[in-house]
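Down below is the structure, laid out as structure tokens.
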Amino acid sequence: MLNQQELEQYKVQLLEERRKILNNIEKLVKESNELGKDGTPDIGDEASELSSRQLLLSLNEADRAKLLEIDRALERIEEGTYGICEECGEPISPQRLKVKPTAIYCVECKSRLEKRQQRG
Ligand SMILES: [Zn+2]
């Protein structure tokens, strides 16, 4: 089981990652706003404008998913269930948490769930 000090470490790590994502989103939004304001694109430029907008959208979606994962992990720290697999209730290995602090499943459950998803 994780002790208080380890939990605190993961919490700091998660909060740091959360802050980075929020900064990133802020920066992207700001950049895209500035682009729209004064840098009026040529008519022939529509395609490239579209792709950068799509990039922004997809980035935001990935970031949003990550944020949800982080929030969930932080909630689990508060609840005292952090580091416990949501599927089987066994502790998630510390090595796995180090690589992926937002993990909610142990390696076995994760791969089993992924296989199930692939089959549809
Ligand atoms: Zn499990």
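The residue of the range 67-82 that is farthest from the ligand (Cβ to nearest atom), among those that are in a loop (DSSP other than H, G, I, E, B) and loosely packed, with under 14 Cβ neighbours inside 10 Å, is GLY80.
Here ALA62 meets each of (1) more than 10 Å from the ligand (Cβ to nearest atom); (2) within 24 Å of GLU8 (Cα to Cα); (3) under 15 Å from the mean Cα position of the chain (by Cα) with one exception, condition (2). Close contacts from the range 96-120, counting a first residue that is more than 28 Å from GLU16 (Cβ to Cβ) and a second that is in a loop (DSSP other than H, G, I, E, B) and not aromatic (Phe, Trp, Tyr), with Cβ to Cβ under 6 Å and a gap of 6+ residues or different chains, come to none at all.
Condition check ((1) closer than 16 Å to ASN3 by Cβ; (2) of a type in the set (A, V, I, L, M, F, W, C); (3) within 13 Å of the ligand (Cβ to nearest atom)) across all residues:
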site: ILE84; (1), (2), (3): yes, yes, yes
site: GLN95; (1), (2), (3): no, no, no
site: LYS110; (1), (2), (3): no, no, yes
site: LEU113; (1), (2), (3): no, yes, yes
site: ARG119; (1), (2), (3): no, no, no
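Read-outs throughout are calculated quantities, based only on the coordinates presented, and are distinct from any laboratory measurement. Quantities reported herein were computed from a predicted structural model and do not represent experimental measurements. Neighbour counts are summed over all protein chains in view; Cβ atoms, including those assigned to glycine, are modelled from backbone coordinates with ideal geometry.
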